[in-house]
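Here the structure comes first, spelled out in structure tokens, and everything after it is commentary.
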Amino acid sequence: MDANQSRRLVILGTGGTIAGRATQAGDNVGYVAGQVSVEDLVAAVPTLAHQALTVEQVAQVDSKDMGLPVWQALVRQLWVHLNDPEVQAVVVTHGTDTLEETAFVLQQVLRPSKPVVLTCAMRPASALAPDGPQNLSDAVAVALQASGGGVVVVCAGKVHSARDVAKVHTYQLDAFDSGDAGPLGCVEEGQLRAFKPWEMVRDAVTEGSVERFLSAPTLPRVELVTSHADADGSVVRALMGQGVQVRPLRGIVVAGTGNGTVHKAMLHALEEAQTTRGVRVVLASRCARGRVVPHAGLSFDHSQGLSPVKTRLALALELLLAD
Ligand code: SIN
């Protein structure tokens with residue numbers, strides 16, 4: 001019996017380009033995401049033929065439309081499977097556009113001690129040379145060979161941590177990068193080569209905090225604004241001016257210039273939001289690399305090295321669990 005046959009793996013499908021279909025095989029951009037079932041994606045990978053698998057379609061979406069309902073469905077299924085002693089690891093197929101956000105949410109909410117490997121594709125399943133089958137095969141290799149747990153992303157032969165990964169290219173197959181941190185490892189001919197240890201689970205989550213996430217009707221509203229030349233703070237004032245018929249604003253993340261600096265006109269509006277309206281303001285940087293390096297002159301909390309989109313999620317999750 002193949003050694004892998006005794007280790008059960010779960011593959012959850014959520015849609016994306018990996019499950020996309022175009023009317024013409026040569027078309028790598030004019031396709032519709034989320035068309036092909038995850039069962040068919042698995043069937044297209046010969047290396048998975050002898051693997052003990054449970055395959056489930058959790059959602060079928062273009063990940064630009066990702067949000068709390070799909071994250072809750074994913075967390076619900078992951079919580080069940082990760083707590084099953086017979087399950088070794090879980091692979092999730094996903095669109096590339098918000099992959100880093102889902103990876104971050106799953107890591108924050110579940111902090112799994114088993115591997116949870118997200119994978120994707122830049123070309124639809126109908127392409128002349130789709131990248132999805134190789135990425136899925138690599139993701140399964142990582143899921144079976146990883147020595148640690150946690151949420152990681154596998155794309156174009158590289159393994160990235162949920163914390164550091166970001167989509168950095170609109171078209172090329174190797175579309176993800178881990179910035180200054182670099183990738184965790186790579187996959188070569190089905191073999192995982194780890195460059196550094198996986199993030200270790202220090203404090204496992206409680207059932208209560210997972211329940212809190214699963215029962216939330218919405219996430220606390222945290223908006224993301226960008227500081228730029230000629231900014232005048234009117235975006236912030238418009239957000240503050242919205243009535244209570246819209247979800248109340250709880251936080252604003254600013255993708256600041258350079259080391260988290262903000263145009264003085266926008267800064268005034270943000271200070272007003274925080275001091276007079278109790279809106280939490282957190283500074284991130286719009287720079288593709290580096291972090292907001294803390295110093296005494298920062299006007300607000302900073303992003304702890306997270307990208308603006310992940311800072312937004314971190315604040316929303318913090319506020320949710322504090323409510
Ligand atoms: C999506 O994110 O669902 C569409 C784009 C992609 O997967 O590359």
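Among the residues making up segment 51-83, those that are farther than 28 Å from T170 by Cα and touching a strand residue (DSSP E or B) at 6+ places or on another chain (Cβ under 8 Å) are Q51, A52, L53, T54, V55, E56, Q77, L78, H81, L82. With respect to the conditions (1) of a type outside the set (V, I, T); (2) within 16 Å of the ligand (Cβ to nearest atom); (3) free of Cβ contacts under 8 Å to residues at least 12 places away in the same chain, A22 lacks only one, and its number is (3). Of the residues making up segment 247-275, those that are touching a helix residue (DSSP H, G or I) at 6+ places or on another chain (Cβ under 9 Å) and either charged (D, E, K, R) or exposed (fewer than 14 other Cβ atoms within 10 Å of the Cβ) (or both) number 2.
Scanning segment 40-74 for residues that are surrounded by 19 or more Cβ atoms within 10 Å (Cβ to Cβ) and assigned to a helix (DSSP H, G or I) yields L41, V42, L48, S63, V70, W71, L74. Residue under question is V152, and the condition is that it be surrounded by 17 or more Cβ atoms within 10 Å (Cβ to Cβ) and either within 30 Å of C287 (Cβ to Cβ) or within 16 Å of the ligand (Cβ to nearest atom) (or both); does it hold? Yes; evaluated as a whole, the condition is true for this residue. Screening the candidates D97, D84, D27 for the property of being of a type outside the set (S, T, N, Q) and within 12 Å of the ligand (Cβ to nearest atom) yields one hit, D97. I'd like to verify a number: residues in segment 185-199 that are among the acidic types (D, E) and either at positive phi or part of a helix (DSSP H, G or I) (or both), how many? Going through segment 185-199 one residue at a time, the tally reaches 1. Summed over segment 30-39, residues that are surrounded by 21 or more Cβ atoms within 10 Å (Cβ to Cβ) and away from the ligand (no atom under 13 Å from the Cβ) total 1.
Among the residues of segment 116-148, those that are touching a Phe, Trp or Tyr at 6+ places or on another chain (Cβ under 8 Å) and more than 15 Å from the ligand (Cβ to nearest atom) comprise A146, S147, G148. The set of residues from segment 136-181 being of a type in the set (V, I, T) and either outside any loop (DSSP other than H, G, I, E, B) or within 16 Å of the chain's Cα centre (by Cα) (or both) comprises V140, V142, V151, V152, V153, V154, V159, V165, V168.
Bear in mind these aren't lab numbers, they're just calculated from the coordinates by the rules spelled out. It should be emphasised that the depicted structure is a prediction, and the values quoted were computed from it without experimental measurement. In this analysis, Cβ positions are derived from the backbone assuming ideal geometry, glycine residues included, and neighbour counts consider all displayed protein chains.
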